[in-house]
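One structure below.
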Amino acid sequence: MIDFNIPPYVGKEMDYIKEAVTNRKICGDGVFTQKCSNWMKEHFDVNQVFLTTSCTHALEMAAVLTDIKPGDEVILPSYTFVSTADAFVQRGASLVFVDIRPDTMNIDETLIEDAITPRTRVIVPVHYAGVSCEMDTIMDIAKRHNLKVVEDAAQGFASYYKGKSLGTIGDFGCLSFHETKNLSMGEGGALLFQDISYQEKAEILREKGTDRSKFFRGQIDKYTWQDYGSSYLPSDMNAAYLWAQLEMASQIQDDRMASYAFYDTALKPLADKGCLEQPYVPGECRHNAHMYYIKLQDLEERSKFISFLKQNGILSVFHYIPLHSAPAGKKYGRFSGMDKYTTRESERLVRLPMYYNLSQKDKEYIVKTIYNYFT
């Protein structure tokens, strides 16, 4: 069976984990945590990077730092993972779902302004498949209405919009290093932001509400409980695993891009015949080959297609069930305007196997099997 995903592994992960143990510093903010944070600061041109235990926790930190309170409203797409919503529901916010663009599967920036009310506080663009939302428009709307922007860039590591790294454009950006992402630390994430005035509050929040970060830097002689906080700091062993992959990030990205390009070229004749639709990447965006998806005619055909591939030894998957149709989505949110594309497009989309070191032989077999399905 060809797996849908295999977590990335480059070979030095266990060496670095052993080094973290030898350092006798396996809790957070050790040597490898700092290495990872500094790497991202340099490569993404961002002032602050806080490694977290997950992208979910990075989003939760962003919800606190944007001062979300009960009754506030947050605008987001319904086509996203539950963490995008949970982070703000936890703070008592009401969710306002906006329809997506059928080309990129991202939030339709032209519909955001109609969803704004006096209670709106935050816009959460989700960069689906590592392809950026239309950020200039979104940032302009946020500026005119005095709103914060939290980028859910869980899939956006090393993706860019007009030369800017995803996660560094809004007020806050959240990355994921889950085992399904381009780079992994098993479970993990990162919170990014440019405004250094948030640094101290973010440190306190991540360190259980204490000013322990100042203590470790020698700025104070003892640390105390300062404010609300939680335990968002990952083990340095997890960071050690990630560091091995950050050292090889270019190689990993090149490998994935080669797989993406192979799929895209090989399946184009089927797209030209109208058998399927391929991903769309706007000219101002540089994606990271996080996934390769195709769209079929409807839900019924997608189910048959996934079943056919599985019968032939290939695991493919569909993706999000729109949040507004879920019990919790109905409880905590509402859909603004018309669901013209969210449900329809979500029922057509299927993701093909995509991971680091996916063999050429397997890629060729996958494409051959897809052609067999249509012929």
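The values are calculated or read from the model by the stated rules, or taken from the named source; none is laboratory data. What you are looking at is a predicted structure, and each value in this text was computed from that prediction instead of being measured. With ideal geometry, Cβ positions are generated from the backbone for all residues, glycine too; neighbour counts draw on all protein chains shown. For accessibility, only protein heavy atoms count, side chains too; no ligands or nucleic acids. Shrake-Rupley method; radii C 1.70, N 1.55, O 1.52, S 1.80 Å.
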Scan segment 325-375 residue by residue and report those that are touching a helix residue (DSSP H, G or I) at 6+ places or on another chain (Cβ under 8 Å), of a type in the set (D, E, K, R), part of a helix (DSSP H, G or I) and under 24 Å from residue 299 (Cβ atoms).
330
Collect the residues in segment 323-347 that are of a type in the set (S, T, N, Q), more than 11 Å from residue 77 (Cα to Cα) and either open to solvent by 40 Å² or more (accessible area, probe 1.4 Å) or in contact with a strand residue (DSSP E or B) (Cβ under 6 Å, 6 or more places away or on another chain) (or both), keeping them in residue-number order.
325, 343
Within the bounds of segment 182-190, is there any residue that is in contact (Cβ under 8 Å) with a residue 60 or more places away in the chain, at negative phi and more than 20 Å from the chain's Cα centre (by Cα)?
no
Any chance segment 312-329 includes a residue that's at negative phi, more than 24 Å from the chain's Cα centre (by Cα) and not aliphatic (A, V, I, L, M)?
yes
Output the residues belonging to segment 269-307 that are out of contact with any strand residue (DSSP E or B) (no Cβ under 9 Å at 6 or more places or on another chain) and either aromatic (Phe, Trp, Tyr) or in a helix (DSSP H, G or I) (or both).
269, 272, 280, 299, 300, 301, 303, 304, 307
The one condition residue 212 fails out of (1) over 13 Å from the mean Cα position of the chain (by Cα); (2) within 25 Å of residue 116 (Cα to Cα); (3) of a type in the set (D, E, K, R) is (2)
Looking at (1) over 16 Å from residue 67 (Cα atoms); (2) part of a loop (DSSP other than H, G, I, E, B); (3) over 21 Å from the mean Cα position of the chain (by Cα), find the lone condition where residue 113 falls short.
(2)
Does residue 206 qualify as being touching a residue at least 60 places away in the same chain (Cβ under 8 Å) and over 18 Å from residue 81 (Cβ atoms)?
yes
Can you tell me which residues in segment 192-226 are in contact with a strand residue (DSSP E or B) (Cβ under 9 Å, 6 or more places away or on another chain) and open to solvent by 50 Å² or more (accessible area, probe 1.4 Å)?
194, 195, 196, 199, 208, 223, 224, 225, 226
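Answer with yes or no whether residue 114 is touching a strand residue (DSSP E or B) at 6+ places or on another chain (Cβ under 9 Å), of a type in the set (Asp, Glu), closer than 21 Å to residue 323 by Cβ and open to solvent by 20 Å² or more (accessible area, probe 1.4 Å). First the steps, then the outcome.
On the way: touching a strand residue (DSSP E or B) at 6+ places or on another chain (Cβ under 9 Å): yes; of a type in the set (Asp, Glu): yes; closer than 21 Å to residue 323 by Cβ: yes; open to solvent by 20 Å² or more (accessible area, probe 1.4 Å): yes.
Yes: the conditions hold for residue 114.
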Being polar (S, T, N, Q) and either farther than 17 Å from residue 362 by Cβ or surrounded by 14 or more Cβ atoms within 10 Å (Cβ to Cβ) (or both) is the filter; apply it to segment 272-311 and report the residue that is nearest to the chain's Cα centre (by Cα).
288
